[in-house]
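The next block holds one structure in the form of structure tokens; read it before the comments.
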Amino acid sequence: MLDGRPTLGDRLRGARRRLRAILFRRAADRDMSRELAFHLEMETEHNIRSGMEPGAARRAALLAFGGISRFTEDVRDVRNVDWLEDLRQDLRQAIRAFRRAPAFTLAAIAALSLGIGANTAVFAVVHAVVLAPLPYSEPERLVRLWESNAGQRIERSTVSPGTFVDLRERSRTLESVALLGWRTMLLSAGGESWEVGAAAVSPAFFDLLGVRTVVGTTFEPEDGKAKWAGTFDEVVISHRVWRERFGSDPGIVGRTVLMDYQWTYTIIGVMQPAFAFPDNAEIWVPLVYGRALSPNERQYRYYDAIGRMRPGVTLAQATQDAATIASRLEAEHPASNAGWTLHMAPLDRAILGNTRPALLVLLGLAGCVMLIACGNVATLAVARATARQHETAVRVALGAGRRRLLRQWTTEGLALAALGGAGGVAVGYWSAELLLAIAPTDIPRLDEVAFDGTVVLSALLATGVAGVLVGLAPALGARDTTALHAMRSRTDATSLAASRTREWLVGAQVALTLVLTVASVLLLRSFERLRTTDLGFRSEGVLSAELKVPGGRFPAPNRWTKRLDYFDRLIADVGRLPGVRSVAGTTTIPLTADVGSGSLWRTDAPGAKGQQPPTSAADQWRAAIQVVTPAYFETMAIPLARGRGFDPADRFANVEPTDDERPRPPGVAIINEAMARRFWPNGDPLGTTVSLLDDRSFASYRTIVGVVRDVRAASVNETAEPTIYLPFGQHPGRGLSLVVRSSLPAAQLVSSVRDRLRAFDAAISGSGVTPLNAIVGRALAKPRFTAALAGSFATLALVIAGIGVFGIVGFLVARRTREIGIRVALGARPSSVLWLVIREGLRPVLLGVAVGGIAAVGTAFAIRALLYDVAPLDPASFIGAAALLVATSVLAAALPAKRAAGVDPLESLRRD
Amino acid sequence: MAREQSDLLRGTLDLLILRTLSASPLHGWALSQSIQQQSENLLRVGQGSLYPALQRLEQQGWIESEWRTTDQNRPAKYYTLTASGRRALTTETKNWRQYVRAVDLILEGA
């Protein structure tokens, strides 16, 4: 056939050539360069021959060279065969480019690894703690319930059994409701005793969550009966306890255990693995309420409550329904329910509390770090693209389409991001471990944190975003690249678009960095305020010993007398240790647990008579109740404001409960200033007599004999609640923990106190002997964690942004060396040159500060919930952050600017 | 539309290159000059089209390239027509003539 179809030999030759072109692309490029240069020379000579000036001849030749008609841009790069080959080529090209610029490549990969790593680590935590649904069936239908009382300024109170029973019987929106109580108990089985977290739960609790036993059953349902049919001394144990303490004995059901050396319980079931709700509970005991309730069971708001909404019911509907029930209860039981209403929140959010906003903020900040890293790498990439303009122009001259070039850049960006992403996964993995190691242990669900597929996927996503950002920026920056630039002098080979893109990128980095810096300065200042907050007591030199004394130590009869005597002896015994100045007992140690609260009223309130509460709910007060021994205020260094403290004489001769007819002796009480302010805004509480609802078996009423300064007992960032202190000698209803003040450092005393406790009573669980300082530190762990993490993100961002500014100014200087040389030659002083360069370098910085300032205002309001005693628009934080950023930028700009100031005019002019 | 036009032009340019090289091997610049002169300056070939076209033709096996020295003793890349290039020239010329005739017929008939 005599047509133009190539013969097999031609084809083979063509294919071989193509293969060579692919394999030896650099050689092919050089070849092409030479050929084009030759063409240009010939054209120039031709122009000279036709009578042009040499300069004009060259310009005309260049013009003709650059005058590529529109359609060439559409012509595919002729060397390309298909997209896969394109990709391979692009990758090879990218790898070669990376190898040619190792410093750039390493810096870019490091920046991206850090950015993506930080993001991935925080995401791993947020994913498990905040985003992943609770591991129960249909968790979106689970709610937590609270009672609240606006009149008594109680936002969130635990729930009374009465309210619970009525909700259970009447709610049409809640499928089931359960009460929960939690405490530690001493469990003895097989000759061993150990402390366990014990939850007392309604029988409906397990079905409500949708969890099952692996062996045995759970408690008999309450079933709306007036009186419950089940037995109280039954216990369900966790899978872990079953495995670790009972060797996974399949015949466990029916075995008995001793609780608190006192009660015998029968094991009836083992829960499914990993189930430990609430608060890492290890055993569950029944908490049952039939329909028949005593009046007190409407008063005591003791328990946590959870519910499951019926399918299809929204939170708003359920809340509305609960509020309706609450208002009916107000009418039916005014004495206990007036002013009280009900509200609820999704269970997962309720479990997280304040941790959720903190973690989301940290995720946002980590995202900022990643974007800054991307911006930084993009800036570097633009600079490199500019430097590589010659290469680019040659490729355009060869007919490489714009799309083709764009793809090449994006491929390079993606390749860079992929390397950064791989580094990011590694950095993320280690950072997540680090994060878990330093995270406050009271963040819920931390044990569920895993570096799983979703987390890796998030890293991949971040990598993709980084790749596109890093790849597109140089493409934008080099959009006016034409072949015209190719033959221009290399040192001047920069386009306006590229430098503008760089400025925008630096501006964006600065803006994001400012947002980060402001947020972290606000958080750090908040933490500083928190740390230096006057807690109302002095923790230095104080050791706290949280004790669990088994109830079995005080058998009837005369249980209260025995307890009083036991703690008298224990306190005296510990007080004899060398170095101990004073020892006191208290029912709760500040910052460790909820202080129990109760109702009380003035004995002269209308309707109040003996143990009978006043008729008006407004006259029923609510206060935290703490029982202490006389040395407590002295040991904790809580100053007395008025009146007197407790003394050993504040003690009843007989503390045993008697039948209700016999009058109890009157007792004494001390209140805090918060209580004095709340209930005696204008009067003097001293000498007033009050009755406490659950005090009846000890004292008929109590006279207030003193007022002490406020103590932040619940948490560091909440002001003191109204609190009433009762002397243990008049109220030995519960066991005590100890506080010990010594002249030695508290840490030195830990082991001697622990030994003394064991020697006193081997049944005491002495695990809770801790310096009070450590307890305060633990209470500050969450804000410290948030502030420290935000601070390190901000530092990282500042460094990265500083590198960005350093880069752009260095680039400016390199580009303008000649101009600077002329200025110096014309008599410009080095200082004015320095300033000129810095000023130009700072332009994008100031732009970024302006934009970032606005964004930071929004951010500050978004993190308001995490701030303490610092206004979101705290001027010092904003000015400080901006100043820090500008100072960093000036420093980063000064280094290359100094180089500019030292330019030798002769040298610079000769260089071209 | 733009693509069709460029395909048309590309095909034409290939034909012109093949025809010009059929006389003697030439380097790129001489090739463009030759086309320009032969067409009495009506056709100018920009480098942006010329070199990709040369690449393409070389890959198709219709032309071959080789570095030689010019009359002035400078290295330049010379392109030579191959046997299959010569066959292709014949076919493409025939196609072109048919095409022109067809267009002419329509233009005159209208």
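Quick note: the coordinates plus some simple rules give every number you see, no bench work behind them. These numbers come from a predicted model, not from an experiment. Backbone-built Cβ (ideal geometry, glycine too); neighbour counts: all protein chains shown.
Brief remarks follow.
- Note on chain A: helix-only mean residue ellipticity at 222 nm, from DSSP H runs of 4+ residues weighted -39500 (n - 2.57) and normalised by residue number, equals -16500 deg cm²/dmol.
- Selected from B:Glu58, B:Glu66, B:Glu40 as most flexible by GNM, with chain B as the system and alpha-carbon contacts under 10 Å: B:Glu40
- Near-label residues of the range A:690-715 by backbone N, under 11 Å of a point 7 Å along Cα→Cβ of A:Ala335: none
- Of all the options B:Leu57, B:Leu43, B:Leu16, the one that moves most in a Gaussian network model of chain B with Cα springs shorter than 10 angstrom is B:Leu43.
- Helices assigned as whole DSSP H runs in chain A whose Cα atoms extend at least 30 Å along their own long axis and whose mean Kyte-Doolittle hydropathy is -1.0 or higher are found at A:102-126, A:355-387, A:402-438, A:453-477, A:496-531, A:781-815, A:830-862, A:875-901.
- Look at the alpha carbon pairs under 8 Å that are at least 6 residues apart: their mean separation over the length of the range B:32-98 gives a relative contact order of 20 percent.
- Amide proton proximity set for A:Leu145, modelled H, under 5 Å, gap of 5+: A:Ala305, A:Ile306, A:Gly307
- For the range A:754-912, taking Cα atoms only, Rg and Dmax work out to 26.6, 93 Å respectively.
- Shielding by partners - mean other protein chain Cβ count within 10 Å, residues of B:80-88: 4
- Counted by Cβ distance under 13 Å from A:Ala57, the other residues give a net charge of -1, where Lys and Arg count +1 and Asp and Glu count -1.
- The ellipsoid that matches the Cα gyration tensor of chain B has semi-axes, each √(5λ) in whole angstrom, of 27, 15, 13, with the longest given first.
- Which of A:Ala762, A:Tyr725, A:Phe785, positive extreme of dipole for the range A:720-823 (C-beta unit charges): A:Phe785
- Within 10 Å of the Cβ of each residue in A:718-725, the mean number of Cβ atoms contributed by other protein chains is 0.
- Here the dipole of the range A:724-868 is about 280 debye; that uses its Cα centre as origin and unit charges on the Cβ of Lys and Arg (positive) and Asp and Glu (negative).
- Pair-distance profile P(r), taking every C-alpha pair of the range A:631-728, with 10 angstrom steps and integer %: 15, 44, 31, 9, 0
- Fluctuation leader among B:Gln36, B:Gln98, B:Gln72 - chain B, Gaussian network, Cα springs under 10 angstrom: B:Gln72
- When the inverse distances between all different Cα atoms of the protein assembly as shown are averaged and flipped, the Kirkwood radius reads 35.9 angstrom.
- Taking chain A and dividing mean pair separation by its residue count, relative contact order in percent (alpha carbons under 8 Å, at least six apart): 15 percent
- Contour minus Cα-Cα distance for A:Ala865 and A:Thr217 (0.36 nm per residue): 229.0 nm
- From the Kirkwood radius over Cα pairs of the range A:537-617, Stokes-Einstein at 4 °C and 1.567 mPa s returns a whole-number translational diffusion coefficient of 78 µm²/s.
- Here the simple spin-label model places points 7 Å from the Cα toward Cβ, and for B:Lys94 and A:Ser700 these points are separated by 13.1 nm.
- Label-to-label distance, nm, for residues given as B:Arg74 and B:Gln38 (7 Å Cα→Cβ offset): 2.3 nm
- Cα-centred dipole magnitude for chain A, charges only on beta-carbon of K, R (+1) and D, E (-1), debye, nearest 20: 3780 debye
- Summing charges over neighbours of A:Phe760, with a neighbour being any other residue whose Cβ is under 9 Å away from its Cβ, gives +1 when K and R count +1 and D and E count -1.
- Virtual paramagnetic centre 7 Å along Cα→Cβ of A:Asp647, amide N under 12 Å, in the range A:683-700: none
- Near the amide H of A:Ala641, within less than 5 Å, lie the amide hydrogens of A:Val707, A:Val708, A:Arg709, all on another chain or at least 5 residues away, with H placed in the peptide plane.
- The helix-only estimate of mean residue ellipticity at 222 nm for chain B, built from DSSP H runs of length n ≥ 4 each weighted as -39500 (n - 2.57), is -23000 deg cm²/dmol after division by the residue total.
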